Amino acid sequence: MAEEENIRPEFPLGRVKKIMKLDKDINKLNSEALFLVTYSTELFLRFLAEKSALVTMEKKRRSVNLDHLRTAVKRHQPTSDFLLDSLPIPAQTVKPAKTAPEKPPPIGTRRIDQFFNKGKSQID
C-alpha cells in the first residue's frame, strides 16, 4: 500500500481566505475550495517563475525583471489571454541628450535674463 502524501500549500490559508472574501459574491467558503484555490495559485506562480527564469537565462541576466515576466507570459497563450493586460508596461529608459557645455558670452555682452532681472531689482 502506498503512503498517502499530505499536500500542504505554502501560502497561508487564512490570508487566501481573506482575499477571497473581498469578493462580494462569496458568502461562505468550503475548506476544499479554499485548498484548491490556494494550491492552484501556488502552482501557477511556480509555473510563471520557472518560465520567467528561463527567459532571464536566455537573455544572460542574473535577476528576473518585468520585461522577462512579460516575455514569459506572451509565450504561453492561455496565460497571455488573461494576464498580459494586467501587467504594467515597462518604462522605456530614455537616455538624456548630451548637451554641449555652455560657452561664456563674448566680452561686452550680457545674457537677456540679466537684463530682465535688473529691472526687478530696481523695483524691489
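Summary of values
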| read-out | value |
| --- | --- |
| In order through the stretch 84-91: 3J(HN,Hα) via Karplus (6.51 cos²θ - 1.76 cosθ + 1.60), integer Hz, x for Gly, Pro | 4, 5, 8, 6, x, 6, x, 6 |
| From phi via Karplus (6.51, -1.76, 1.60), per-residue ³J(HN,Hα) for the stretch 62-75 in Hz, x at Gly/Pro | 9, 10, 7, 10, 4, 4, 5, 5, 4, 5, 4, 5, 5, 6 |
| Extension gain, K18 back to F47 (0.36 nm per residue minus Cα-Cα distance, nm) | 8.1 nm |
| Of every Cα-Cα pair in the stretch 13-89, the percent that sits beyond 22 Å | 40 percent |
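Every number here is computed from the coordinates shown, using simple stated rules; none is lab data. Only a predicted model underlies this, so the values are computations on that prediction, with no experimental measurement involved.
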